[in-house]
Ligand code: PHE
Ligand code: NA
């Protein structure tokens, strides 16, 4: 028997969950460096333009599709137009891949929060990370070794995620975000304040915000801005469709999209301040220019930050715990949202109840994650999958979905009318222009640009066989699987009328 579709308890609950999904590792370890590398203070111009001309319009499109069709990504697309169901499954496959490796990073963060207390990494954090903690093999190859120090924390992360999924949208996801997002805001603010008191903070902030206005005329800076917005708002792979499908009938869609978009960007700027104040301290303390200490991603969080934490004049343990706990919370709330994309799709597709669907899907994702990542190959797999699934999964699926919605099935006017019914801020012709012209052109150019780089040189100089499997293979499989699954006849999808209270 079909359950009633779950619903958020309140608008705040939905907003917190949407913000929790958007605010992730990208805000903390990606934005600061991207801004620094692409014009510093001047980067804010292309960044804001990208937010207004692609980020928020796409967010509104996804919210409206989810709200109008009240289904997981595949179910919603199918109701939009039968053949577009493949887009939904493609997004589900992408989410599956991301969930599998995102969980591993959260587990590392958990370990590092603990390590911070005694600075377990000693005086060579880089060697500690790769040799002692991850026990990475010398090169990509077959898995020969399991690493218990990563395995158990990863099991813990998946147990926690499974509990949230089983509890469901309101009692699980909404509650987790109601606790975690305010907690994250408090912890991260304390961290930033502590960072601002470090000697050298001003040097770091100067390096980040000093505007290089010549960047404005550089095409690659604009590509970086749109790329960051796209990644940071988690658009293009079904999360926002899924979350919006649990909204009540009368919900302000455009207003919610704006609140979530600006909240995410505010958190990015706050993180930029915190990270660069800290890097400024390191630069001044070691007499090396900021230029040489600035970095992003795994190198920033798990090498540079441990180094800095060890040399702090005061409160090192506190600072480390604040940083890594923030990273874990930001990652966990994003992880929950990606897993829900897959759970809700399977639930709709097989007509399953929430609890068995959550256990089945969560169990499979957790099993794959646990089989692959706490191994001597974990970081190579993670690096390749992350790069290729971002470029040829998220960005490509996002591009395909705007082209299909705007030009192939031509549903923007219909979605616009739907959003207008319940939203405070009305959409105008300019929403249609951004989605039908600006977004496809920019994303198309981004695609061309990254393909060119890919073909010119092997990513990270990894061996070709490895990129063909862990990179192209994984991203291609997501697309092919998406199309194949959409071709299987689907008889028990409740008609839209049965599920939606008309409109
Ligand atoms: N938007 C997230 C961030 O900025 C990234 C993310 C990736 C979120 C995957 C959900 C899923 O970090
Ligand atoms: Na983000």
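Taken together, the values in this text are just the output of simple stated rules run on the coordinates, not laboratory data. Only a predicted model underlies this, so the values are computations on that prediction, with no experimental measurement involved. Positions of Cβ are backbone-derived with ideal geometry, glycine not excepted, and every protein chain shown enters the neighbour counts.
Expressed as a fraction of 2.2 N^0.38 Å, the rule-of-thumb size for a compact globular protein of N residues, what is the C-alpha radius of gyration of segment 112-161?
That works out to 1.31 for segment 112-161.
Using alpha-carbon positions, what is the distance between the centroids of segment 395-415 and segment 45-62, in Å?
Segment 395-415 and segment 45-62 have Cα centres spaced 15 Å from each other.
What is the log10 of I(q)/I(0) for the chain, computed with the Debye formula using one identical point scatterer on each Cα and no solvent, at q = 0.10, 0.12, 0.13 Å⁻¹?
-0.74, -1.10, -1.31
What is the spread of the Cα atoms of segment 372-499 along each of their three principal axes, largest first, in whole Å?
Taking the Cα atoms of segment 372-499, the three principal extents are 53, 38, 26 Å.
Using a Förster distance of 22 angstrom, determine the FRET efficiency expected from the C-beta separation of residue 360 and residue 146, and round it to 0.05.
Once the sixth-power term is evaluated, E becomes 0.35.
Zone of residue 120 (label point 7 Å along Cα→Cβ, backbone N under 19 Å): which residues in segment 141-158?
The answer is 146-158, whose backbone nitrogens lie closer than 19 Å to the label point.
Suppose a student asked you for the relative contact order of the chain, using Cα pairs under 8 Å spaced at least 6 residues apart; what percent would you report? Before the final figure, lay out each step's value.
Values: 793 pairs, mean separation 170.7, N = 503.
Relative contact order, the chain: 34 percent.
Ranked by Cβ crowding within 10 angstrom, fewest neighbours first, how are 222, 430 ordered? Numbers along the way, then the final one.
Details: 222 22, 430 12.
Sorted ascending by nearby Cβ count, the order is 430, 222.
What is the extension gain from residue 430 to residue 4, computed as 0.36 nm multiplied by their sequence separation minus the C-alpha to C-alpha distance, in nm to one decimal?
Gain on stretching residue 430 to residue 4: 149.7 nm.
Going by average Cβ density within 10 Å per residue, which order do the peptides 27-38, 372-383 take, highest to lowest?
Packing order, densest peptide first, comes out as 27-38, 372-383.
At what distance in nm do the modelled label points of residue 193 and residue 295 sit from each other, each positioned 7 Å from its Cα along Cα→Cβ?
With each label placed 7 Å out from Cα toward Cβ, I get 3.1 nm.
Return the equivalent ellipsoid semi-axes of segment 146-297 as a descending list in whole Å, where each equals the square root of 5 times an eigenvalue of the C-alpha gyration tensor. Walk me through the intermediate numbers first.
Working: eigenvalues 226, 111, 53 Å².
Square roots of five times the eigenvalues give 34, 24, 16 Å.
In nm, what is the difference between 0.36 nm times the number of residues separating residue 262 and residue 491 and their Cα-Cα distance?
Taking 0.36 nm per residue and subtracting the Cα distance, the gain is 78.4 nm.
Using a 7 Å offset from the Cα along the Cα-to-Cβ direction at both residue 483 and residue 130, what is the distance between the two label points in nm, to one decimal?
Modelled inter-label distance: 3.9 nm.
How do 407-413, 10-16, 338-344, 386-392 rank on mean C-beta neighbours within 10 Å, highest first?
The peptides rank, most packed first, as 338-344, 386-392, 10-16, 407-413.
Between residue 250 and residue 310, what is 0.36 nm times their sequence separation minus the Cα-Cα distance? Round to one decimal in nm.
16.4 nm
Sorted from fewest to most neighbouring beta carbons within 10 Å, what does the list 178, 82, 349 look like?
Listed from fewest to most nearby Cβ atoms, that is 82, 178, 349.
If you take the beta carbon distance between residue 82 and residue 453 as r and set R0 to 45 Å, what does 1/(1 + (r/R0)^6) give as a FRET efficiency, to the nearest 0.05?
0.80
What FRET efficiency would be calculated for the residue pair residue 11, residue 318, taking the C-beta separation as r and a Förster radius of 35 Å, to the nearest 0.05?
0.50
So what's the gap between the Cα centers of segment 263-290 and segment 189-258, to the nearest angstrom?
15 Å
What order do you get for 90, 175 when you list them from fewest to most C-beta neighbours inside 10 Å?
175, 90
Using only the Cα atoms of segment 269-408, what semi-axes does the equivalent ellipsoid have when each is the square root of 5 times a gyration tensor eigenvalue? Give whole Å, largest first.
37, 20, 15
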